[in-house]
Amino acid sequence: MSSPAPSIQDPFKAWRFLVLPTLKVSDVFSLFLKATIAICTVVSISLVVYSFLNQSQWLPCPECQKSVISGHLKITNGYVSGDFHEKTNISHILFGIGGSEKTWNKRRLYTELWWMPNITRGYVWLDQKPPENEKWPETSPEYKVSADTSRFKYTCSYGSRSALRIARIVKESFELGVENVRWFVMGDDDTVFFIENLVMVLAKYDHNQMYYVGGNSESVEQNVIHSYTMAYGGGGFAISYPLAKELVRVLDGCIDRYASFYGSDQKIQGCMSEIGVPLTKELGFHQVDIRGDPYGLLAAHPLAPLVSLHHLDYVQSIFPELNGIDSVKKLISSYKMDPGRTLQHSFCYDLTRNWTVSASWGYTIQIHPSLITAKQMESAFRTFQTWRSSSNGPFTFNTRPMTQLPCLRPVVYFLDRVERVGDGTLTTYKRAVQELGKVCDQPEYAPVLAVQSVNITTSTSLKPDIWNMAPRRQCCEIIKGEDEGSSVVQVNVRGCHQFESVTPP
């Protein structure tokens, strides 16, 4: 038997087995694929976590970031839109004002209080062309003559056919083809708009969607007769461009279908019902469907920016001893200083004297020589009656009686002047002249009656973004000035502190 041949050993064979084992191509590809998936997963998770921790860097505009203003927390999510980067401004609004050739020269005084030539855009729509020999005022909007409406039906026995052409103003405005319009805003020739606040309100909404924005009547009887789901035309209402595009398609048919409806605004709302778009209510649109003195309504304004006033020829002047036009001019003087704060209601206690001080900024102050609950202070004094029947109610907001007994009434002060102080304002209010026999002679009223004026200070203007947050009434406090005697009361209006409330001891 022959011995086995000696095996030849490769000295590197074992070493190659330990260091670099033989791998198939499929194994290499599988390992590479798994590694790639693992890396992508880690990167994706990191990006998601980073995006949540740094949301503001991904948002398209500064307004979309998280912010804290005056104790309010706001987190706004932006929507995707081709023109979202440009915030809604006055140039995006086209006004349609319902007027009459015969009454325009009188009514234009109200329109010209707010109209800004070469800035505001829109037209007053007349029933006929003005006389050739009369020059159209440069301070008025341009005019258009409404199309003939004789082909339409109108069967309301107590109304006017003028409702037909006024209802079609939005259609005729749309068909003008004016560029860069986001909102069509309708109003009457005696409607007073507060432009900055109107823009502020409309800027809250996505104009690329279908919105119908306005307010109801103050008198329940009017809402029952006409509609609770209708924006009243005298207070003004806004229709977004996409909704206007839908509306003009069906409007003429609606006018005939709702021939029995009284007003143009009621016919518009009938069309909105067919389209399926409800009214978005904003409390700053004021139809002013009341009679008498509007003081109580304005002195307890709802927590919303003042957008419009109407029917000012049918109520007493806002300020005593001034006519209607001059009264609005005076209110506008404070409005221009701080638009969003105008008529905003605040009240607080002076616990050293047991007083309640109520401030309607830019308009009026009330001092009560006792501590009144916040629930009572929120309710408007009923200085007015309902529109149709001149009754004491009901209204669409809470009211309380304004007694004729002088010892149960507050001492009232009206705006005297307003001035800018730093970033804030100083408004001064003087005591209203009281008739003989209507001054309370009880001892607790004597210190209040000694107060001849009230100064209201604010450190900053009310920021527009506050209306995009959860609503909260501004707070106030009575402060003592260095050179003040008993004839002046100094009040500071500001944002509320955490856990602050108007609570009697």
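The values are calculated or read from the model by the stated rules, or taken from the named source; none is laboratory data. Computed from a prediction, not measured in an experiment: that's the story for all the values here. Ideal geometry is used to build each Cβ from the backbone, glycine not excepted, and the neighbour counts take in all protein chains shown. What goes into the accessible areas is simple: the full protein's heavy atoms, side chains included, and nothing from ligands, DNA or RNA. Shrake-Rupley method; radii C 1.70, N 1.55, O 1.52, S 1.80 Å.
For the reader, a short list of remarks on this structure follows.
- Between Arg400 and Leu351, the modelled labels are 2.1 nm apart [label points 7 Å from Cα along Cα→Cβ].
- Annotation: peptides 235-246, 365-376, ranked by per-residue average of other Cβ atoms within 10 Å with the highest first, follow the order 235-246, 365-376.
- Solvent exposure of the range 172-298 as accessible area per residue, Å², 1.4 Å probe: 31
- Normalised by the number of residues in the range 260-364, the mean separation of alpha-carbon contacts (under 8 Å, six or more apart) gives a relative contact order of 23 percent.
- Look at where the Cα atoms of the range 366-396 and of the range 131-145 average out, and the two centres are 42 Å apart.
- Accessible area expressed per residue, the range 395-505, with surrounding protein chains retained (probe 1.4 Å, Å²): 58
- Accessible surface of the range 108-189 [probe 1.4 Å, protein heavy atoms]: carbon and sulfur percent: 46
- Computed E for Ile45/Glu112 - FRET, C-beta separation, R0 41 angstrom, nearest 0.05: 0.10
- Over the range 232-327, the Kirkwood radius and the radius of gyration, each from Cα atoms, give a ratio Rg/Rh of 1.07.
- Projected label points at Asp206 and Arg161, each 7 Å from Cα along the beta carbon direction, are separated by 4.4 nanometres.
- Listed residue (Ser273, Tyr349, Ile225) projecting farthest to the positive dipole end of the range 208-363, Cβ model: Tyr349
- Given their separation in residues at 0.36 nm each and the Cα-Cα distance between them, Ala450 and Arg249 gain 66.0 nm when the chain is fully extended.
- Counting only protein heavy atoms and a probe of 1.4 Å, the accessible surface of the range 349-501 is 50% carbon and sulfur.
- In this rough spin-label picture, where each label sits 7 Å from Cα along the Cβ direction, the Ile119-Leu176 distance is 1.9 nm.
- Take the Cβ atoms of Ser379 and Asp465, set R0 to 41 Å, and the FRET efficiency comes out at 0.90.
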